[in-house]
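Quick notes on the structure that follows.
Derivation of every value follows stated rules applied to the coordinates shown; laboratory data play no part. Keep in mind that this is a model prediction, so the values were computed, not measured. Don't worry about glycine lacking a Cβ; one is built from the backbone with ideal geometry, like all the others, and counts go over all protein chains shown.
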Amino acid sequence: MGSLRLTLCTGILAACAVTPVAHAADGRGVLVTPASPAPGGEVALRVTGCPGGSGTATSTAFAGDAELTPHRGALAGGTRVDTATAPGSYDVSIRCADVEIRGAITVVARGSASAAPASPVAPVPAGGGGTAHLADDAEQEGPGIGHAVTGLALAGVAAAAVALRGARRRRGAD
């Protein structure tokens, strides 16, 4: 395993280990992922112990309320942290039926090591076998004369095959 991959895996495991989860003794709880987003970052919410089929999560850190819907035995939804939110801890309040569940979110400064990006920032090393280096070259160069000639040759072969098949059908129908 390369040192970059090992470092990334270790960082992800460390982030998962320190991610706070609010759980109450009565089985109610709020999971905010990531627990420490930066302003403008997306967050996912998962709420357990909520009666009813829907709920709403509110916080002064959110750009808008999160509508929660049933998902795998809990209520789930997502929202975005307001870009004007200052770093700090904010309460999250979930309302479902006549029950209110509380949790917390910690907003960190942009560029902070704790802030996880909302989407991938680099290509995923997913393999590709022996052709991966060709994909990188193709993205930089784009199609050239060789590609055009190959395409025209294939189109010509296809047109000839269609014409021959049509001629055979006409002869067989007479």
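Some observations on this one:
- Label-to-label distance, Arg165 versus Ser54, with points set 7 angstrom from Cα along the beta-carbon direction: 5.2 nm.
- On full extension, the segment bounded by Ala148 and Asp98 gains 11.4 nm, given 0.36 nm per residue less the C-alpha separation.
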